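What follows is a set of notes on a single structure, which appears directly below.
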Amino acid sequence: MSPFEQLEKKIQSKQARTGIVGLGYVGLPLAVEFAHAGFSVTGIDIDPEKVAAIHRGESYIQDVPTSVLAPLVRAGKITATADFAAVADLDTINICVPTPLRKTKDPDMSYIVSSCQEIAKHFHPGMLVILESTTYPGTTNELMLPMFEKPGLKVGEDFFLCFSPERVDPGNATYQTKNIPKVVGGITPACTQLGAAFYGQALETVIPVSSTRVAEMVKLLENTFRMINIGLVNEMAMLCDRMGINVWEVIDAAATKPFGFMPFYPGPGLGGHCIPIDPFYLSWKTKQAGIEARFIELAGYINGNMPHFVVDKIQNALNDHAKALKDSRVHVLGAAYKREIDDVRESPALDIIHLLDKRGAKVTYSDPYVPQLRADGVIPAMSSMDPETASAEADCVVIVTDHRNFDYPRILESAKLIVDTRNALKGYQSEKIVRL
Ligand code: SAJ
């Protein structure tokens, strides 16, 4: 039997020993789905805390309840280790490690490279390796393939290599790993076939595509689409502001168009570890090809300018109340990058706090999901304050993240002035409110 046939048989019989490198918000839910499907799963992570937590059957990922993880660990369906030597006993490996940007906005491939270097040490014929981390088109072919293909180890014959974009949306109760359609593309048709068969054993819908580059590009199109459309409405907000038009009313009315339109909403800037980051993996690669991704650069500029636009709005609002921004008390509602989560990565709230601080305001914040903000050289260490009390004491309140559990009527009542960057006070009329 050929390596292809052997692996295909192991996948069909669910005997394929499955490895997941990177046990974060992508890797751990994936491990659970394959364990539930009947595979034996070995999680590999360099963070001993994560490995220890899994050994205890304790989940640290919002979308994986401990009540789901613990029985799988107890039954031995999921084990975890920090030792890549485990690769020698595995048939398949999914790589789900971070792909951040460096300060220079260049891709930071170090997590992918170090994982592949470790895997390559224990790599053996008959393995299927699938990269899930968001990256530039060409990564799988140009960076990973040379690390695995050796004399006597030919891709598509002796081992199999695919790319499959992760589409996990943390906290999304409707769409979770099992029911989000899974795109997968291989270096060769045989690779794609095995990748599709593998995911088909655990996930509801598999979308095979013709190559790893197509699969890599699918993800970048998805998230660049969002980033550019958010940039569009942020520019509309600035235009409407200048023309005295309520952009929120415009968008709500435009959204009544039953076809050919998709509402996006202006805000204080673009946060998170996907949308502000992923498009720059694409523009970095296109620059290498001598093509400039102008839409991405322009949207990045507009989105990056929103914190300044918001701080100018605060300064002007105070000015209209005969107050200088300097020495005024400004209270920021919301530090997370979007509502109902605790993640502050790339959060525009941090930029706004920094800019306010730089212009001499006395800044405080409240966020029920973010009790502390660490000093990071951009902002001082801060602790979340009681929203109503702090809003009453502030000269200006600014709504940056519209968590649902803020008591907006109480805050509106106690505040002297509110700049609302999220239309959280939609439907409220008051002289105190200044909308984006
Ligand atoms: N934002 C706006 N206006 C909008 C939408 C978002 O200003 O109309 C801001 C948010 O406040 C946030 C940033 O953009 O600061 C990103 O928000 P997001 O809603 O895109 O949420 P993310 O970063 O969690 O994006 C993830 C992505 N999921 C994956 O990459 C698998 C994205 O593709 C999803 O579409 C998105 O979740 C989602 O829809 O929840």
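The values are calculated or read from the model by the stated rules, or taken from the named source; none is laboratory data. Every value quoted in this text rests on a predicted model; they were computed, and no experiment measured them. Neighbour counts are summed over all protein chains in view; Cβ atoms, including those assigned to glycine, are modelled from backbone coordinates with ideal geometry. Ligands, DNA and RNA are stripped out before the accessible areas are found, and what is left, the full protein with its side chains, is counted by its heavy atoms. Shrake-Rupley method; radii C 1.70, N 1.55, O 1.52, S 1.80 Å.
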Cα lying deepest toward the dipole's positive end in the chain, options PRO146, ALA31, HIS273, charges on Cβ:
PRO146
Alpha-carbon centroid distance for the pair the stretch 287-337 / the stretch 208-251, whole angstrom:
17 Å
The stretch 9-31 and the stretch 100-176 have their Cα centres apart by a whole-number Å value of 14 Å
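To one decimal place, what orientation-averaged projected area in nm² is obtained for the convex hull of the Cα set of the chain?
Values: hull surface 90.8 nm².
Mean projected area of the Cα convex hull: 22.7 nm².
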Which of the chymotrypsin sites (Phe, Trp or Tyr not before Pro) across the stretch 245-285 are loop residues per DSSP, with 12 or fewer other Cβ within 10 Å?
PHE259, PHE261
For the stretch 106-114, in residue order, the Karplus 3J(HN,Hα) values (coefficients 6.51, -1.76, 1.60; θ = phi - 60°; whole Hz; Gly and Pro = x) are 8, x, 9, 8, 4, 5, 5, 4, 5
So which residue, out of PRO268, PRO71, PRO100, gets the largest mean-square fluctuation from a GNM of the chain using Cα contacts under 10 Å as springs?
PRO71
For ALA88 and GLN12, what does the FRET efficiency come to when R0 = 35 Å and r is the distance between their Cβ atoms, rounded to the nearest 0.05?
0.90
Once phi is turned into ³J(HN,Hα) by the Karplus curve 6.51 cos²θ - 1.76 cosθ + 1.60 with θ = phi - 60°, what whole-Hz value does each residue of the stretch 5-16 show in order, with x for glycine and proline?
5, 4, 5, 4, 5, 5, 5, 4, 8, 6, 8, 5
By a straight-distance test (C-alpha under 27 Å), which lysines pair with LYS416 as possible cross-link partners, with residues fewer than eight away in the same chain excluded?
LYS313, LYS323, LYS326, LYS338, LYS358, LYS362, LYS426, LYS432
Taking Lys and Arg as +1 and Asp and Glu as -1, residues besides LEU221 with C-beta under 14 Å from its C-beta add up to +2
Identify the GluC sites (Glu not before Pro) of the stretch 6-69 meeting these criteria: DSSP loop state and at most 13 other C-beta atoms within 10 Å of the C-beta.
GLU58
So if I place +1 on the C-beta of Lys and Arg and -1 on the C-beta of Asp and Glu, and nothing else carries charge, what would the dipole magnitude of the stretch 3-210 be about its Cα centre? I want it in debye, nearest 20.
200 debye
The answer for ASN94, listing residues at least 5 apart or on another chain whose modeled amide H is closer than 5 Å to its amide H, is GLY19, ILE20, VAL21, ILE130
Modelled label-to-label distance, ASN229 and SER2, 7 Å Cα→beta-carbon offset: nm?
4.2 nm
J(HN,Hα) series, the stretch 415-425, from Karplus relation 6.51 cos²θ - 1.76 cosθ + 1.60, nearest Hz, glycine and proline x:
7, 8, 7, 10, 9, 10, 8, 10, 6, 5, 9
Please label the shape of the stretch 333-436 as rounded, prolate or oblate, based on the square roots a ≥ b ≥ c of the eigenvalues of the alpha-carbon gyration tensor (a/c under 1.5 means rounded; beyond that, a/b larger than b/c means prolate, else oblate).
prolate
Normalising by the residue count of the stretch 296-436, find the relative contact order in percent from Cα pairs under 8 Å and 6+ residues apart.
23 percent
Using just the C-alpha positions of the stretch 226-435 as equal point scatterers, what log10 of I(q)/I(0) does the Debye formula give at each q in 0.07, 0.08, 0.15, 0.17 1/Å?
-0.21, -0.28, -0.96, -1.21
How large a share of the accessible area of the stretch 226-435, in percent, is made up of carbon and sulfur atoms when the probe is 1.4 Å and the other protein chains stay in place?
54 percent
Averaged per residue, the 1.4 Å probe accessible area of the chain, protein heavy atoms only, in Å², is roughly 45 Å²
Quick query: amide H of GLY267 versus all other amide H atoms, modeled in the peptide plane; which residues come in under 5 Å with a sequence gap of 5 or more or a different chain?
none
Cα gyration tensor category, rounded, prolate or oblate, for the stretch 3-210 with a/c compared to 1.5:
rounded
Along the dipole axis of the stretch 180-339 (charges at Cβ: +1 for Lys and Arg, -1 for Asp and Glu; origin at the Cα centre), the most positive-end residue among LEU333, VAL250, PHE261 is LEU333
Tell me the carbon and sulfur percent of the accessible area for the stretch 83-210, rounded to whole percent, probe radius 1.4 Å.
55 percent
Taking the mean number of other Cβ atoms within 10 Å as a proxy for protection, how do you rank 189-199, 149-159 from highest to lowest?
189-199, 149-159
Classify the stretch 51-112 from the C-alpha gyration tensor, please: rounded if a/c falls under 1.5, else prolate or oblate depending on whether a/b exceeds b/c.
oblate
Got a sec? Which residues in the stretch 316-355 would a label at GLU49 touch, if it sits 7 Å along Cα→Cβ and we count backbone N under 17 Å?
342-345
As a percent rounded to 5, the proportion of antiparallel DSSP bridges among beta bridges in the chain is 15 percent
Which cross-chain or sequence-distant (5 or more) residues have an amide H under 5 Å from the amide H of ALA80, H modelled 1.01 Å from N in plane?
GLY43
Could you tell me the distance between the Cα centroids of the stretch 36-71 and the stretch 350-401, to the nearest Å?
35 Å
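Once you have the Cα-Cα distance between ALA173 and TYR301, take 0.36 nm times their residue separation minus that, and quote the gain in nm to one decimal.
Net length gain for the segment: 42.8 nm.
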Might you report the magnitude of the Cβ-based charge dipole of the chain about its Cα centre, with Lys and Arg at +1 and Asp and Glu at -1, to the nearest 20 debye?
260 debye
